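Report on the following structure.
The values are calculated or read from the model by the stated rules, or taken from the named source; none is laboratory data. Being a predicted model, the structure only gives us computed values, none of them experimental. Cβ: placed from backbone, ideal geometry, glycine included. Neighbour counts: every protein chain shown.
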């Protein structure tokens, strides 16, 4: 019995076995050694502990807490950089299926969601809702630290980092780090001189898409930022803020 080893104690009864009735355990039935600590990543360990109820659904990297395992798993992609959802049209990848879905709509010319205030149309309904807040002034997302409010949750997330000091976006060309990807993109352009966003009307080029959009309003005459006190419209939100502080104190 070269492939067997004697077990001096019957594990089912707890009684010692002697003589010809000796109990054997085949090597193939033995339990494998548990994985070492090095084999357990922070992600796997957190998910495992969450399932067993030993701790809350908390990110091992930043401590953020989630109500479901799926949301925690999706959140980890922020830290790992994983982008498993790929656009079949252009190959661009995303960390969530919803982001991919929104991106796929950009390949279509269909814009079924129209703003009731100015008529501007959008491919995605969520984009319309965000746009409408430029007319209504609604800011439903508030900072718990200082009380400042924002029209988009993403802007609140970026703002909170001004309190925490978190700078998760490093520049590959120098040692500087930034709290949001937009600031990083603007900084990188100082190294490369790249201005990838071009105005189709006059040809002027910009380092970021937001600057191009603001510039385009000079050509279109669009003034989406309306004063709720007098109804006057402005091309940029900062112009509206200046107007309010100087004219409607």
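Annotations
- Any hit, the stretch 185-205, residues being assigned to a strand (DSSP E or B), in contact with a strand residue (DSSP E or B) (Cβ under 9 Å, 6 or more places away or on another chain) and farther than 26 Å from residue 99 by Cβ: yes
- Going through (1) in contact with a helix residue (DSSP H, G or I) (Cβ under 6 Å, 6 or more places away or on another chain); (2) modelled with pLDDT of 90 or more one by one, residue 226 falls short only on (2).
- Exactly one residue out of 80, 89, 136 is closer than 26 Å to residue 237 by Cβ and out of contact with any strand residue (DSSP E or B) (no Cβ under 7 Å at 6 or more places or on another chain): that is 136.
- The stretch 212-223, subset at pLDDT below 90 and in contact with a strand residue (DSSP E or B) (Cβ under 7 Å, 6 or more places away or on another chain), residue surrounded by the most Cβ atoms within 10 Å (Cβ to Cβ): 212
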